[in-house]
1. Could you check which residue among Arg201, Arg73, Arg256 shows the biggest mean-square fluctuation in a GNM of the chain with a 10 Å Cα cutoff?
2. Per residue of segment 128-139, in order, report the coupling 6.51 cos²θ - 1.76 cosθ + 1.60 (Karplus, θ = phi - 60°) as ³J(HN,Hα) in whole Hz, putting x for Gly and Pro.
3. Can you give the alpha-carbon Rg of segment 149-302 over 2.2 N^0.38 Å, where N counts its residues?
4. Output the pairs from Lys248/Lys313; Lys98/Lys149; Lys208/Lys299; Lys98/Lys302; Lys69/Lys159 with a Cα-Cα distance over 31 Å in this structure; if there are none, say none.
5. Towards the positive end of the charge dipole of the chain, with charges on Cβ (+1 Lys, Arg; -1 Asp, Glu), say which of Leu76, His192, Val8 has the farthest Cα.
6. So what is the relative contact order of the chain, in percent, for Cα pairs below 8 Å that sit 6 or more residues apart?
7. Over the chain, what per residue volume does the convex hull of the Cα atoms give, in whole Å³?
8. Pop a pseudo-label 7 angstrom from the Cα along the beta-carbon direction at both Lys302 and Thr316 and give the gap in nm to one decimal.
Amino acid sequence: MAKAVPSVVLPNGRKMPVIGLGTYKSSPQEMKTVLNTALECGYRHIDAAYLYQNEGAIGEVLKEWLDSKRITREELFVTTKLPMIANRAADVARFMDKSLKLLQLDYVDLYLIHNPVGLKGKNDDDVWPVDDNGNVVLDLETDLESVYKAMEELVDCGKAKAIGLSNFNSKQIERIMKVCRIKPSNLQVEVHAYHQQKALREICSKHKIPVCAYAPIAAPYKTQGRLNDSPILLENPTVTSIAERLGKTPAQILIRFLIQLGMIVIPKSANVKRIQQNFQVFDFTLSPEDMAALDALDKGEKGRIFIFEDVFKGITKHPEYTFHIPV
């Protein structure tokens, strides 16, 4: 049995491991190799999404491990997400069932609304619908409150043990808190040393909503977003000097930083060695001085790496676009 890693207790009392495997941009075949490696290392928290189009590969690997009794279902914490093309109350249950079938599971531990913006796909596989001009096809009638109420019904019937939000801003969170019967168990957003989301995290703290950080090492495979005048985070001198002194990798320092701030992290890698290294962050502690030095790297909104308006052309025309207001 893998050594248990620290966890965060969700509002429903269930435990969410503080480190999980990110699966964004992993092809189905690559996903099988990556997930087998991660499970062998001891990862038990898997972060998936219908949008990533690799849930089927994840399901095949999980079934192999479960059938061989190398793990039990209770050891696993599996998150997946409602795609933007299903941001309608009437579509929630159907897409939950589709994800469960692909994952070959009876339930997921956490189901998130992937993004507050709704899109209109031609069919269920058209997860990134665009028009002839390359603009995403928006559903301008997105009703987040009704979508969330449909998510609550998934908890009622046992298909999701917990539900939550992803890429929501503070105003959207407050709206959900006013109507929810089942409190959001998690907010998943981009957080790393360059983009620490302090104001948004304060809102989550007020409502006792744990935060899960995606891109915790600032997605070095991406372009630098608005940070063309700064080194990538993994090469920042503050980070590399702490890493050298402690005998750790820069990624381990950045992951440990967020964990010590009380966050859950889901680093993504397709490299076997880095998958192993990213998990080895529980044998050291960053000093208060190290934490302060890393805290000082925050660049606020300028530090955001995932520029949705570049990826989803035309998304800013949607009334629920996350960054219409300060988060």
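The values are calculated or read from the model by the stated rules, or taken from the named source; none is laboratory data. Keep in mind that this is a model prediction, so the values were computed, not measured. All Cβ positions, even for glycine, are placed from backbone atoms using ideal geometry, and neighbour counts span all protein chains on display. For the accessible areas, the whole protein counts, side chains as well, though only heavy atoms, and no ligand, DNA or RNA atoms are used. Shrake-Rupley method; radii C 1.70, N 1.55, O 1.52, S 1.80 Å.
1. Sorting by GNM fluctuation, first place goes to Arg73.
2. Per-residue couplings from phi come out as 10, x, 10, 8, 5, 9, x, 7, 5, 8, 7, 9 Hz.
3. Numbers: Rg = 17.0 Å, N = 154, 2.2 N^0.38 = 14.9 Å.
This ratio for segment 149-302 stands at 1.14.
4. Lys248/Lys313; Lys98/Lys302, as the Cα separations exceed 31 Å there.
5. Looking along the dipole axis, the top candidate is Val8.
6. Numbers: 585 pairs, mean separation 61.5, N = 327.
It comes to 19 percent, rounded to a whole number.
7. Per residue, the Cα convex hull of the chain comes to 128 Å³.
8. Between Lys302 and Thr316, the simple spin-label model gives 1.9 nm.
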